[in-house]
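Data block below; observations after.
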Amino acid sequence: MARRSATAARSIAPWEENHGPSVYDDAGLDDVRELLRGHRRDGTWEPPVMPSTVRQALEMTKDPEASFGGIAGVLESDPALTAQLLKLANSPMFRGAVPISGLRQALVRIGLRGFIQLLMVASLSKVLVVRGHRGITAQLQERATAVGVAAAEIARAVDMDRDAAFTAGVLHDVGIALGYGLLGACDRYLPADICDSPARKWHLVEELHQELGLALAQQWRLPPDVCGAVGFHHDPDAAPPDARQMGWLVAAAIHVVDHAGIRPERPRDCPLGERSFFVLGLALSELPELALETRKRMGLVPIE
Ligand SMILES: [Fe+2]
């Protein structure tokens, strides 16, 4: 295999590079696609498991007998997670007038629904990670959180399940990080022209990210509409019927976040985004307000 160039691990994110037409040159990619999918099929590569404390705490939130103190106790066995949850609880997304200093206090203050959202965002730090690319990881996580926030706002407007919408929004692009993980796992089998080309790697990851995200959502036993939305957010009509509406909702949330200018992926007048509003029965005139609300909850606009 040819020696790799020093630029091989350069920038990878779509908003950082203006990839030339060669990205879309499919020549030679079929073998790599087959290699990556083969690793999935034979179990050489599997999506990461949900952090056990998060899984346990989420299970407890479904139990009417579980106490706030009990849920907080489970999570407090993981000091790093506790610190992260408290940081999030005090972020503009959840913060009230008084600073939150403990998990039980966070549960009382922001309620169970808000707390579940907090746990999902915290899970992102374990799975939406592109190794060796801290800045890009932070950007992906910021965008994912924003899409979750926008999805919950839209769900409120169209009377859909806000928790499911938030989770689907937060996890919708988790397959991007998983794709880079999969490429890393197959690194030694990849031809040099793929290894040396961040643009071609991005092309592969972009192509595979929905099916990888779907694999993770299914492994985490998330509800079918969440799984379908993660797996088909770029083509909601292809989702299973019970997930189609949630798929359109995530597409609409992406449109809102693009409009809000938070790491935009697509032009503001993207046909898929506009159609998603139509499918959900939302007027496009609601877009600026939804974008502003999302920016506020992300702490990008001071809250009056
Ligand atoms: Fe995507």
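Laboratory data are not the source of any read-out in this text; all were calculated from the coordinates shown. Just so it is clear, the structure is predicted and the values come from calculations on it, not from any experiment. Cβ: placed from backbone, ideal geometry, glycine included. Neighbour counts: every protein chain shown.
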Please list the radius of gyration and Dmax for region 29-103, considering alpha-carbon atoms only, with Å as the unit.
-> 18.9, 56
With +1 at each Lys and Arg Cβ and -1 at each Asp and Glu Cβ, the charge dipole magnitude of region 178-293 around its Cα centre, to the nearest 20 debye, comes out at 260
Would you kindly work out the equivalent ellipsoid of region 191-304 from its C-alpha gyration tensor and give its semi-axes, the square roots of five times the eigenvalues, largest first in whole Å?
-> 26, 20, 14
So which aspartates and glutamates can LYS62 reach, going by Cα to Cα under 20 Å and dropping same-chain residues fewer than 8 places off?
-> GLU76, ASP161, ASP163, ASP225
Roughly how large, in nm² to one decimal, is the mean projection of the convex hull of the alpha-carbon atoms in region 169-218?
-> 3.5
Is any helix in the chain, taking whole DSSP H runs, at least 30 angstrom long along its axis by alpha carbon and on average at least -0.5 on the Kyte-Doolittle scale, and which ones?
-> 134-158
For region 49-91, whose charge dipole is built from +1 on Lys and Arg Cβ atoms and -1 on Asp and Glu Cβ atoms, the candidate among SER91, VAL54, ILE71 with its Cα farthest towards the positive end is SER91
If you average over every viewing direction, what projected area does the convex hull of the Cα atoms of region 121-240 give, in nm²?
-> 7.8
About its Cα centre, what dipole magnitude does the chain give when the only charges are +1 on Lys and Arg Cβ and -1 on Asp and Glu Cβ, stated in debye to the nearest 20?
-> 1000
Nearby aspartates and glutamates by direct alpha-carbon distance to LYS201 (threshold 15 angstrom, same-chain neighbours under 8 apart not counted) = GLU16, GLU17, ASP25, ASP26, ASP30, ASP31, GLU34, ASP187, ASP193
Compute the whole-percent fraction of alpha carbon pairs in region 26-297 spaced more than 22 Å apart.
-> 57
Tell me what the chain gives for mean residue ellipticity at 222 nm when only DSSP H runs of n ≥ 4 count, each as -39,500 (n - 2.57), the sum divided by the residue total, rounded to 500 deg cm²/dmol.
-> -20000 deg cm²/dmol
With unit charges on the beta carbon (Lys/Arg positive, Asp/Glu negative), name the residue among GLN218, LEU190, PHE232 whose Cα is farthest towards the positive pole of the charge dipole of region 104-239.
-> GLN218
Where does each of 197-203, 254-260 land if you order them by average Cβ count within 10 Å, highest first?
-> 254-260, 197-203
What span do the alpha-carbon atoms of region 51-164 cover on each of the three principal axes, reported in whole Å from largest to smallest?
-> 40, 37, 29
Using +1 on the beta carbon of Lys and Arg, -1 on that of Asp and Glu, and nothing else charged, what's the dipole of region 149-203 about the Cα centre, debye to 20?
-> 140
